[in-house]
Amino acid sequence: MTANTSSQDALKQAVATAAVAYTLSRIDDKSIVGIGTGSTANCFIDLLAEHKASIAGTVASSQASAERLKAHGIPVYDLNAVDEVTIYVDGADETNPHLELIKGGGAALTREKIVAAVAREFLCIADQSKWVDHLGTFPLPVEVIPMARSHVARELVKLGGDPVYRQGVVTDNGNVILDVHHLHPISPARELEEKINNITGVVTNGLFALRPADVLMLGTAEGVKTLY
Ligand code: 5RP
């Protein structure tokens, strides 16, 4: 492990610790907590396990997170079985100062977007490497119905992107991912999010601009910063 990786891991741990404290301040024992996907969300899951009696249960944005939650003995519900998600906690691949995000590095973007849409509050947790002035350096993930892959790729080229098929990856929904390079700077992000979602065959894209995070906890060398 490099020094950089270990300091990034420490920042993820710090931000997950702060996120658990924040979450506990927002919920009661009837609350359902939405759980994201990825290494930062995994830190959050492991710390939340110590407080599992404080919540009614969770909904998960991926099979991987559901399995991790269940391994801790934390109840996981189908989203259709719950009336409300009090707070959704998830990482990001990029965040800008408007708390607009790129997500989907872990291929869970569609379920993440669904849980975020339902949640009363969306808390994004990230280390400082994810902070950008303008989105788009991280290739934008797009979940696509398999038979539409070439059509969607051609349409993405018309929008100025350079789509790359993520080989060997099948999403929890049975679809494929195109990672779109060279879109930086993405502005306005809401417009591009809508345009890409309007391409026939696209399930959704990894821009979270129409529904950005409500709160961002950013792990930095100077401590965890909370932005609204
Ligand atoms: C998964 C995601 C993750 O939130 C994103 O990739 C960040 O992951 P990590 O916390 O491992 O850096 O969107 O689809």
Seminar exercise, completed: Listed by chain and number, the residues whose amide H is under 5 Å from that of LEU159, excluding neighbours fewer than 5 places away on the same chain and using placed H, are none
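Quick one: MET217, MET147, fewest Cβ neighbours within 10 Å first, how do they rank?
On the way: MET217 23, MET147 9.
Ordered from fewest to most neighbouring Cβ atoms within 10 Å, MET217, MET147 come out as MET147, MET217.
Convert 4 °C to kelvin, take the viscosity as 1.567 mPa s, use the Kirkwood radius over C-alpha pairs of the stretch 1-153 as Rh, and evaluate the Stokes-Einstein diffusion coefficient in µm²/s, rounded to a whole number. Provide the component values of the computation, followed by the final result.
Working: Rh = 16.0 Å.
Rounded to a whole number, D works out at 81 µm²/s.
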Problem set entry | Taking ILE125, ILE45, ILE74 and counting other C-beta atoms within 10 Å, the order from fewest to most | ILE74, ILE45, ILE125
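For each of VAL118, VAL176, VAL33, count neighbouring Cβ atoms within 10 Å of the residue's Cβ, then give the residues from fewest to most.
Details: VAL118 17, VAL176 22, VAL33 28.
Lowest to highest Cβ neighbour count: VAL118, VAL176, VAL33.
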Exercise. Of GLY57, PHE44, LEU140, which is farthest along the charge dipole of the chain in the positive direction, counting Lys and Arg as +1 and Asp and Glu as -1 at C-beta?
Worked result: LEU140
Problem set entry | Loop-located trypsin sites (Lys or Arg not before Pro) in the stretch 1-88, at most 12 other Cβ atoms within 10 Å (DSSP) | LYS30
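Rounded if a/c is under 1.5, else prolate if a/b is larger than b/c, else oblate: which is the stretch 164-228, with a ≥ b ≥ c the root eigenvalues of its Cα gyration tensor? The partial results should precede the final answer.
Details: a/c = 2.15, a/b = 1.62, b/c = 1.32.
Note, shape of the stretch 164-228 comes out prolate.
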Exercise. Taking the Cβ of ARG149 as the center, what net charge do the other residues with Cβ under 14 Å away carry, scoring Lys and Arg +1 and Asp and Glu -1?
Worked result: -1
Exercise. Which part of the stretch 104-145 falls in the paramagnetic zone of THR220, meaning amide N under 19 Å from the point 7 Å along Cα-to-beta-carbon?
Worked result: 124-135
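Give me the dipole magnitude in Debye, nearest 20, for the chain about the Cα centre, with unit charges on the beta carbon: positive for Lys and Arg, negative for Asp and Glu.
Charge dipole of the chain: 280 debye, to the nearest 20.
Which value at 222 nm does the chain reach when only helices count, each DSSP H run of 4 or more adding -39,500 (n - 2.57), with the total divided by all residues and rounded to the nearest 500 deg cm²/dmol?
Values: 6 runs with 72 residues, N = 228.
When only DSSP H runs of four or more count, the value is -10000 deg cm²/dmol.
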For this session: Tell me the GluC sites (Glu not before Pro) within the stretch 133-223 that lie in a loop according to DSSP and have at most 12 other beta-carbon atoms within 10 Å.
Result: GLU222
For this session: Kindly provide the GluC sites (Glu not before Pro) of the stretch 76-121 that DSSP labels as loop, not H, G, I, E or B, and whose Cβ sees at most 10 other Cβ atoms within 10 Å.
Result: GLU84
For this session: Rounded to the nearest Å, what's the spacing between the alpha carbon centres of the stretch 118-139 and the stretch 61-98? Just the number, please.
Result: 16
Exercise. Comparing ALA71, ALA14, ALA108, which has the greatest mean-square fluctuation in the GNM of the chain with Cα pairs linked when under 10 Å apart?
Worked result: ALA71
Problem set entry | Global geometry of the stretch 73-161, whether rounded, prolate or oblate, following the gyration tensor of its Cα atoms and the 1.5 cut on a/c | oblate
For this session: Ratio to report: Rg/Rh of the stretch 114-155, with Cα atoms as the point set and Rh obtained by the Kirkwood method; give two decimals.
Result: 1.09
Seminar exercise, completed: Everything considered on the Cα gyration tensor (a ≥ b ≥ c; rounded for a/c under 1.5, else prolate if a/b is larger than b/c, else oblate), the stretch 96-228 must be described as prolate
Exercise. Which ³J(HN,Hα) values in Hz, rounded to whole numbers, follow from the phi angles of the stretch 109-123 under the Karplus curve 6.51 cos²θ - 1.76 cosθ + 1.60, where θ = phi - 60° and Gly and Pro get x?
Worked result: 4, 5, 5, 5, 5, 5, 5, 4, 5, 7, 5, 5, 9, 10, 9
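Throughout, read-outs are computed from the coordinates displayed, never taken from laboratory work. Just so it is clear, the model here is predicted, and its values are computed rather than measured. We place every Cβ from the backbone using ideal geometry, glycine too, and count neighbours over all the protein chains shown.
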